[in-house]
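> Pasting a structure here, questions to come.
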Amino acid sequence: MKRCPICNKSEEDTVFFGEFCESCARKRMLGDLEGKVKKIDIIKCKSCGRIKFSGEYKENEADTVGRIVGKEISPLKFSLYAYNGKTIEGIATKREHNEVLQAEVVFRADEKNVMCQDCYRRRSGYYEAVFQLRGNSERVKKLARKLNEFFSRYDGFVSKTEEKGNGLDVYVSSKILSAKFIEIGRLKPTISYTLFTVKNNKKIYRNTYALHL
Ligand SMILES: [Zn+2]
Ligand SMILES: [Zn+2]
């Protein structure tokens, strides 16, 4: 008959996980985890609250914290129970052959507050393109409103709008979104380019779209 090499209980007395009784196996698993994971780093944007996971900021806090822990304790699985910025509680699951072992675990979390690139850009007035809207003032205002709605719908932003004598200059966050806006609206702007910066030997331009409405 199988006996637990740690506590000497037999298969008749208790359930086993592998060669150990379940209770000793659980203690060993918790001991391993304690040795392996001292604390879990959580990188959180102090402005939008999103949490970084594999290079991207994610909206769903619980889901993301769960995935961060899961990656840390792999091949064990983790399901989140609670997170308060200082501790992470949940259930760790170990699977071996057809046996399953679970334990409640608590990890110390080290939450680092940063500012994500999106929030940083919003704050610093970042822009990649300017729409120069000229002509009929009602049409100019209407198109400026559409730009605002369009950019916020697609996770971009308008960093500023300047009144000019005969229209508006609308500074926007993305050239890609600008191209999409122009395509969808079937607009025919006059495009010009000004050098913005040089990055890895590449000249990066800001686009100006002049529209007469
Ligand atoms: Zn035992
Ligand atoms: Zn942010």
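> Regarding E104, is this residue assigned to a strand (DSSP E or B), open to solvent by 80 Å² or more (accessible area, probe 1.4 Å), touching a residue at least 12 places away in the same chain (Cβ under 8 Å) and away from ligand 1 (no atom under 16 Å from the Cβ)?
Against the criterion (assigned to a strand (DSSP E or B), open to solvent by 80 Å² or more (accessible area, probe 1.4 Å), touching a residue at least 12 places away in the same chain (Cβ under 8 Å) and away from ligand 1 (no atom under 16 Å from the Cβ)), E104 qualifies.
> Need at least 3 residues that are free of Cβ contacts under 8 Å to residues at least 24 places away in the same chain per element, so show me which helices (runs of 4 or more DSSP H) inside the stretch 112-213 make the cut, counting only ones lying wholly within it. Walk me through how you get there before you give the answer.
Details: elements: 117-123, 137-153, 175-184.
Correct list: 137-153, 175-184.
> In addition: Residue pairs, Cβ under 9 Å, 6 or more apart or interchain, first in the stretch 6-24 and in contact (Cβ under 8 Å) with a residue 40 or more places away in the chain, second near ligand 1 (Cβ under 9 Å from one of its atoms) and among the polar types (S, T, N, Q). List them.
Matching pairs, first to second residue: E22/T14.
> Within the stretch 60-79, is there a residue that is open to solvent by less than 50 Å² (accessible area, probe 1.4 Å), within 29 Å of E111 (Cβ to Cβ), at pLDDT 95 or above and within 16 Å of ligand 2 (Cβ to nearest atom)?
yes
> Taking the conditions exactly as written (over 30 Å from G70 (Cα atoms), small (G, A, S), open to solvent by 30 Å² or more (accessible area, probe 1.4 Å) and within 16 Å of ligand 2 (Cβ to nearest atom)), does S192 satisfy them or not?
No; evaluated as a whole, the condition is false for this residue.
> So, one more: In this structure, does R121 turn out to be of a type in the set (K, R) and more than 16 Å from ligand 2 (Cβ to nearest atom)?
Criteria not met by R121.
> Then there's this: Please work out which one of (1) farther than 18 Å from Y126 by Cα; (2) in contact with an Asp or Glu (Cβ under 7 Å, 6 or more places away or on another chain); (3) of a type in the set (D, E) is the condition E162 fails and give its number.
It is condition (1) that E162 fails.
> Hey, can you tell me all the residues within the stretch 1-58 that are within 13 Å of ligand 1 (Cβ to nearest atom), open to solvent by 60 Å² or more (accessible area, probe 1.4 Å) and closer than 18 Å to S74 by Cβ?
R28
> While we're on this one: Restricting to the stretch 33-59, count the residues that are acidic (D, E), away from ligand 2 (no atom under 13 Å from the Cβ) and more than 18 Å from A109 (Cα to Cα). Write out each step before concluding.
Going through the stretch 33-59, the residues acidic (D, E) turn out to be 34, 41, 56, 59.
Within this subset, residues satisfying the condition of being away from ligand 2 (no atom under 13 Å from the Cβ) are 34, 41.
Then keep just the ones that are more than 18 Å from A109 (Cα to Cα); that gives none.
Counting residues in the stretch 33-59 that are acidic (D, E), away from ligand 2 (no atom under 13 Å from the Cβ) and more than 18 Å from A109 (Cα to Cα) gives 0.
The values are calculated or read from the model by the stated rules, or taken from the named source; none is laboratory data. Everything numeric in this text was worked out from a predicted model, so none of it was measured. Glycine also receives a Cβ, built like all others from the backbone with ideal geometry; neighbour counts cover every protein chain displayed. The accessibility values were calculated without ligands, DNA or RNA, using every heavy atom of the protein model including side chains. Shrake-Rupley method; radii C 1.70, N 1.55, O 1.52, S 1.80 Å.
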